[in-house]
Structures are given as C-alpha cells and as structure tokens.
Amino acid sequence: MKLRINRRNIIRVCKWSGVSIASLVALFFILNWIFPLPDKIEYSAIITDSKGEVINACLTRDQKWRMKTELNEISPLLRKTIIAKEDKYFYFHPGVNPVAVARAFFKNIFRMKTTSGASTITMQVARALEHRKRNIGSKIIEMFRAFQLELKYNKDEILQMYLNLVPYGGNIEGVKSASVLYFNKNPDHLSLAEITALSIIPNRPSTLVMGKNNDLIVQERNKWLRKFADKKVFTQKEIEDALAEPLVAARGTVPHYLPHLSYKLKRNGNEIIHTNIIMNTQMKTEKLVEDYVRTLRLKNIKNAAVIIIDNKTHKVITYVGSSDFHDTTDGGQVNGAAAIREPGSTLKPLLYGLCIDAGLETPRMVVTDVGVNYAGYSPENYDKKYNGYVTVEYALEHSLNIPAVKSLKMLGKDKLIQKLAACDFKQIKKDQSKLGLSMILGGCGASLEELTGLFSSFANEGIYISPSYTQNDTAFKKIKLISPAANYMITDILSRVSRPDFPLNWQATEHMPKIAWKTGTSYGRRDAWSIGYNKNYTVGVWVGNFSGVGVADLSGANVATPLLFKIFNTIDYDSDADWFSLPPDCEQRQVCSETGLLPTDHCTNIVMDYFIPMVSSTKQCDNWQEIMVRPDEKISYCKNCVPENGYKKKWYKIIDPEMQAWMEENKIAYEKIPPHNPDCEKIFREGLPVITSPVNNTEYLISKKDKEPIQLVCKTAGDVNKVYWYVNNKFYKSGNAGEKQFFIPDEGPVKISCTDDKGRNRDIWIKVTYVNL
C-alpha cells in the first residue's frame, strides 16, 4: 500500500509550526520585558596588592563572603574541571540541555523519585540568583531564567557568575572566597586536587566541611578524579599527582592588611580595587613605624604615618595610616596619612622654587633676616633669633621663617596658593580666600598624602604627576610647578648633609642612599614632618598625636627625620642610583657674595651662583655708593648743596635702616653715612612726608583686653619709593610709599617718625592710654 502525502496538510503543519515558534519567541520576549532578570549581585569589596593577591575584604550586607572572581582569574584548569564535572555540553546548549531534560524526566518517572535534575551551569546560576523551593514549577522558571541569561551574557560571563555564586558552606560563596579562606590563594593558583575538592562541597555543604571532614572530602574528591581519568579529561600523570596530594585545608580568616587605605578606597564603591601596594615594602615599613613609635611613647609621642611613592611609576607602594590600627590609646584607626594638619615649613622649597622662576631670587642672593611687621603680623624664627644678612640657600637650609615670609610677600601668596590648589591641596583650595602670609610657616591645612605627592614632583624635574593609588587610575594630573633649573637648585640645597636639621646622634649614613629632604614642625609642636626623595622613591613621614597634644620634644628634625632615614635605609639600602644632573636651562655665574648680584669694580668677594638665563635678575651690585662729604666726614652733601670746594668723595656701604637697627642692637660696628647737610634747602624744603595716621597731638584710648594696633599712613612726594618708620627714635619697619603699616604702642607719650628714601623726615606725637572697656 502506498502512502499518499497530502501537500496541503504538510503546508498547513509547517505554517502552524512556524506560527507556534514565532508565538513562543514573542511570548518569551514579552515575559522577558515583564519579568526582567534579577542579576544585580552584591559582592564583597576586596583590596588586592600589586600582584593581585587579596589583602583586605569585607562582608556583603547579607553577611556573606562573596568575592568576585574576574575573568582573568578563571584558569584553563579551573574552567576545564568545572565544565567536566557540572556541564560538559555547556558551550553547546542554549542554557537548557533538552537531551538531559528528557533523560531526567524518564528516569524520574520510571523510578518514581527525583534521581536526576538535568540542571546546566546556566540553570544553576538562575537558581542562585533567585532561590525557590525545588519543584517542577521552580524548574520551569529556572529554564526561563536560563534563556534570559544566555540572551544577555556570553558563555564565559555565565561561567564567571556561576563561580561567583556557588555556595561552599557557611557564609562562603564563590570560588574566590573559598580559595582565599580555605587555601589562602587566588583561584587561578588552585591545583587540580584543590579545584576538585572545592567542586564537591556545594552538593553536600553541611557534611563536607573543609577542615572538619577532610578525610571524607578526600574520598569524594578521589572518586571524581577517577571519573575524570576514565573519561580521559586529564592525563594519567595529572590524575596521579592529584590523587597523591594531601588535603590540609581549613577555614582561615580573610586578610585585613592595609586597613586605612582599604577603608579610604572602599568608599568609592568598587567591588575589586587593585592597589599598587608592594606588600614586602608595606610590611617592612609597618614594622619600622611600630617599633619606632614604641621608643617615643615615653616622650608622650604616640603615632606616625608614612607614604612611599615610586618616582619612576608615580605609584603609591606603601601606605601606613598609623603605628597600630588596633591601638585605642591614641585613635589608631584614624588615618594619619589623610588627616589635615599644619604643614610647618614643608612648603618652603616650592616657594623658593617659584621665586627663582620669577627672577626674584637665586641661591646666593642675599636677603635680610630681621624683624618685620606686615599689617600686624610679625613672624619669628624657630629659635626666636635673627641672623641679619643671609643667602637664600642658607635661609632654606636653616628653614628661617622671616626670609620665607618676605619671599612670599614679594612673590604674592596667590601664586603659591594657585600652584597648591592645582596639586589638589583640598583644604588650601577651600580656604584660599582666608589664607595670608603665615601659610608658608604652616598657617594652612595639608595632609601627608598631598605633601608626599608634592615632593615627588621635585624628583620629576618640577613636574607634578598625581600619585596613583590603584592600578585602574588613568586620569593622571600633570602640572608643571617649577622649571627644571629651579628644581635642580632646590634639590641641591635640600641634599646637603651639613645643616642644622640633621638628626642628632644619627650615625648610620655609610650605606644610606643620597636623598634630599625637608623637615617641618607645626605651631605648638603638634606635628613633626620629614619628607625626602631621590630618583627612586619619595617618602613622607608624619609623627605626632592624633589627639592634637603638643610635645616639647617633638620636631621634624629630631623625631620625624630619623624614621625617614630608617625607611630609606631599608627600601633603598646602599643604592648606587644616579643623582640628578644639571639641566640645560641652569647655568652658573659670578656674583658678589655680599648681595648675590652681578659684581662691579668695587666687589672684592666673588662667588659662583646658579642662575636661569633670560629669567634671573641681571641687576648689578649696588652695595656701595660714592658720597660727597665734608673733609671731617661729619656732613654729607647732595648735588644741590655740595660746595664748590672743601669736600671729598668717599665710598660707603649702603645699609638699610632695618639692618642698621639690628646691627646696633647686636653691637655690630659699621660705618654710618654722615647726616645730610642741614643747610640744604631744596631736599628738606620740598616733599616732606605727611603723616595722616595717627593724628598729631591726639590721645588714643586702647582696651587692655583687646589691644588693637594703630595704623601708620603717610603721604609722600612722587619721587619717593620707600619710607622708614621709627617709634620713639627706634627703627620699627620699612615699607613702600603709601603702604599701610600697623603697630601696638606702649602707654604714654609716643613719638612717631617717618623718613623717606631721600632723607626727609616728619615727626609727630601722640598719647596712648590703656583703659578697661
């Protein structure tokens, strides 16, 4: 009998099938839109070191150790083992294996119980994302979710999700959490035996507990290894080695290294944070800090913080926030590396570098270190003494305060603030409208992070590159702070060993690498700083108390610098690295040693000085001036009053009134220029300064509790550049013509004198009375 096939029936069946498939596909996409995939997974935040090893982690909000395994951590061995055991057709099915489903269905029907689940890896991921009771309805939903997963992710991503969600007993989820907690290693370092042992735990997590049931785990592991051998998944040698490998694992603890930086970086919300920390250097530095601070506790100094930057890569390789994170006596959990503190004198190198680039100063230029007063602000040196004439390099070597304040006044504080703000000095940027000249002495806020980053620019020819804390940092900020020439001059000064801030009783310099460093001590001796650098590293050290308590023995030179030297001796011991070379834009020239200016015929002491061509001042030394005097040298003349005969010419050293006052106070002899001819009518008849404040013959009442300064203001002739103020015949200060000055007078009659740079003088008298207001 011949079977006749009706073509119309075939066409009808095909059309019905096509419509049905299209309907199912449409239904799937509708359901996919109505019931989106719940694939938002919360992972434990983990911190890794420069090698990728986990050094810190924290629990998820549901108190799970669920560390994310990255794709590059899924080794070929791990991939092969898991797929061979769980789903050998994983790369071939669309999320559901129809053959396995049919086989499981018939097995369960014939045996009248569940003996096979037919779950693929994709379906297991769906189950882990959405926990349900295990029944037929849940299995159908798992299949639907599996199709959703296959639609949204590729196979490698699905395998990654499986390895991140698979349970390993207790609150451990994911192969990375298990490998870290059980084997103290990353998953890409697991052996075949270890992977197989972990793979059987999810099936029986309550009876196969690592560290408790290791013998039973080994038995089950070996069964699977033999199955792998029978199926020739691995070579016989690999199987034999795995069978022979003992299992000594037990649940350990998650490492909690680098607590301060970890907490800081975790706030960014990333699941995995790859730092640049080199653990060997980190651990050595932590031990040095802990031991060093222990020796300081008898002095009531309880804490320290350290940051180390690799100058070649600009990576932060060590970060110590306190001497002991668990110490409760001085807030060990406070991050001293990020805390805003007073920076002391640590900003002076940048200031002098900017002044050199502005053509205001060179290393051998002479400045005056005597008392000054800027609108009521009178800075003092660390030792409360004045040094008279000093060079810029001497001022920086000895960290003199008054020359620094004068330099900032010349430069303009806004230029320094702009540079620091560009380098992400957050507190300085926030307070820039409030800051004054005192900022150069520590009257501002900065952190060890910011200062160490700033000093790393001195190791990079004056170019600031923002320090990199993580391996994912790509937005590097690159700013030119100072020229290579100015940078070289500053480094040359800071690298000299014969200076007063070299720590006392420090002997271990024989093998110590050459470094340049600067110290700082904040007001009230609350903070001690020492920041050093060479071509290899920049190391920042802070020592003090988080409580803010000042200590008499606390100073950058004698407390912070010894720790700085110990660290350099440890991380760069006996280094023969090249030192910084002279840049092309830096040259040397002869200058007068008494002024630092280009010498003239009357300059007898000549020295060499660095300078920047076309930038540094070309002013000639004006230290000496020829004066016309009477033969007995008691009267001087100008061109308007010099007689036709009966006078002579003599060279005098020009000394500013402020230096004259200092020299007289310190009993230093000098040859004074004779007073000007009292009969000279022109110079004294015209253009005398007029004191407009205070008012002549006026009584001023000043509160005893709140002594407000009196303002000094004068009007001068157009040919006057500078005026000199005297109080009770004693030099007070100098200033530009028209510049306002302030002073706090003594009680009683006060004589105030103003002399211009032409020798013209005006005197007034006031009366000061202190009262209780």
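Axis angle, to the nearest 10 degrees, between helix 561-571 and the longest C-alpha principal axis of the chain: 40 degrees.
Of the whole protein surface, Trp725 contributes about 0 Å² of accessible area at a 1.4 Å probe radius. Per-residue accessible area (protein heavy atoms, 1.4 Å probe) orders Lys566, Lys139, Lys232 as Lys232, Lys566, Lys139, starting from the largest.
Note that region 448-572 presents 35 Å² accessible area per residue, ligands and nucleic acids not counted, probe 1.4 Å.
For the chain, the longest principal axis of the C-alpha atoms and the axis of helix 348-357 are separated by about 70°.
Under the convention that each Lys and Arg Cβ holds +1 and each Asp and Glu Cβ holds -1, the size of the dipole of region 109-209 around its Cα centre is about 540 debye. Expressed as a whole percent, the accessible area of region 701-773 that falls on carbon and sulfur atoms is 48 (1.4 Å probe). Each residue of region 609-614 was assigned a 3J(HN,Hα) from its phi angle through the Karplus expression (A = 6.51, B = -1.76, C = 1.60, θ = phi - 60°), giving 9, 6, 7, 10, x, 6 Hz with x at Gly and Pro. Take region 166-294 with all the other protein chains still there, run a 1.4 Å probe, and you get 48 Å² of accessible area per residue. Per residue, region 26-69 exposes 53 Å² of solvent-accessible protein surface, assessed with a 1.4 angstrom probe and all protein chains in place. Charging the Cβ of each Asp and Glu at -1 and of each Lys and Arg at +1, and nothing else, the dipole of the chain about its Cα centre rounds to 5140 debye.
Computed with every protein chain present, the accessible area of His274 is close to 30 Å² [probe 1.4 Å]. Counting only heavy atoms of the protein chains and using a 1.4 Å probe, Arg204 has close to 90 Å² of accessible surface.
Per residue, the average separation of C-alpha pairs within less than 8 Å and at least 6 apart gives the chain a relative contact order of 9 percent. Packing around the peptides 436-449, 486-499, 666-679, 528-541, taken as the average count of other Cβ atoms within 10 Å per residue, puts them in this order, highest first: 528-541, 436-449, 486-499, 666-679. Dividing the summed helix terms, -39500 (n - 2.57) for each DSSP H run of n ≥ 4, by the number of residues in the chain produces a 222 nm estimate of -9500 deg cm²/dmol to the nearest 500.
Of Glu450, Glu708, Glu342, which has the most accessible area with a 1.4 Å probe, and how do the rest follow in descending order?
These residues rank, largest area first, as Glu708, Glu342, Glu450.
Computed over protein heavy atoms with a 1.4 Å probe, the carbon and sulfur contribution to the accessible area of region 324-471 reaches 50%. With respect to the chain, whose longest principal axis is taken over its alpha-carbon atoms, helix 155-165 is tilted by about 80°.
The candidate values were [x] 293; [y] 180; [z] 224; the one computed from these coordinates for volume of the Cα convex hull per residue in Å³ carries the label [x].
Couplings for region 374-388, taken from phi via the Karplus curve 6.51 cos²θ - 1.76 cosθ + 1.60 with θ = phi - 60°, read 10, 6, x, 9, 10, x, 10, 6, 4, 9, 6, 10, 10, 10, x Hz in order; Gly and Pro are left as x.
The values are calculated or read from the model by the stated rules, or taken from the named source; none is laboratory data. Keep in mind the model is a prediction, meaning the values are calculated, not measured. When we count neighbours, we look across all protein chains shown, and the Cβ atoms used for this are built from the backbone with ideal geometry, even at glycine. For accessibility, only protein heavy atoms count, side chains too; no ligands or nucleic acids. Shrake-Rupley method; radii C 1.70, N 1.55, O 1.52, S 1.80 Å.
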